[in-house]
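These notes concern the structure reproduced below.
The values are calculated or read from the model by the stated rules, or taken from the named source; none is laboratory data. Since the structure is predicted, the reported quantities are computational estimates derived from the model, not experimental observations. So basically every Cβ, Gly included, is an ideal-geometry build from the backbone, and we count neighbours across all protein chains shown. Side chains included, ligands, DNA and RNA excluded: accessible areas come from the protein's heavy atoms. Shrake-Rupley method; radii C 1.70, N 1.55, O 1.52, S 1.80 Å.
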Amino acid sequence: MSTDPYPKLTAAEHAQVGWYVARMAKRCVAGEDVDRADLERKVERILDGARKRAAK
């Protein structure tokens, strides 16, 4: 399995990651005590799927 930190993403994956990053930024503006872990997990899940696809 490849250990590439940024695997090649599809257009849909790029859009999803962009959306989640924008939501994380919005939560950062709301305050430092706001939890972003759920969005970070979603981004990691997308990147893991792309890594698995690239390993095939």
message: Among (1) surrounded by fewer than 12 Cβ atoms within 10 Å (Cβ to Cβ); (2) of a type in the set (Gly, Ala, Ser); (3) under 12 Å from the mean Cα position of the chain (by Cα), there is one condition residue 11 misses while meeting the rest; what is its number?
response: (3)
message: Give all pairs with beta carbons closer than 7 Å in which a residue from the range 36-56 that is touching a residue at least 12 places away in the same chain (Cβ under 8 Å) and closer than 14 Å to residue 12 by Cα meets a residue that is among the aliphatic types (A, V, I, L, M) and not in a loop (DSSP other than H, G, I, E, B); count only pairs at least 6 apart in sequence or on separate chains.
response: 43/17; 46/17
field: Flag for residue 47 being in a helix (DSSP H, G or I) and in contact with a Pro (Cβ under 9 Å, 6 or more places away or on another chain)
entry: yes
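Consider the range 36-46. How many of its residues are of a type outside the set (Lys, Arg) and in contact with a helix residue (DSSP H, G or I) (Cβ under 8 Å, 6 or more places away or on another chain)? Even if it seems obvious, please write down each step before you answer.
Keep residues of the range 36-46 that are of a type outside the set (Lys, Arg), which gives 37-40, 43-44, 46.
Still in the list and also in contact with a helix residue (DSSP H, G or I) (Cβ under 8 Å, 6 or more places away or on another chain): 39-40, 43, 46.
Total meeting the criteria: 4.
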Subset of the range 13-34 [touching a helix residue (DSSP H, G or I) at 6+ places or on another chain (Cβ under 8 Å) and in a loop (DSSP other than H, G, I, E, B)]: 34
statement: residue 5: passes all of (1) surrounded by 11 or more Cβ atoms within 10 Å (Cβ to Cβ); (2) in a loop (DSSP other than H, G, I, E, B); (3) within 12 Å of the chain's Cα centre (by Cα) but (1)
query: Considering the range 23-56 alone, what residues qualify as being of a type in the set (A, V, I, L, M) and open to solvent by less than 80 Å² (accessible area, probe 1.4 Å)?
result: 24, 25, 30, 34, 37, 39, 43, 46, 47, 50, 54, 55
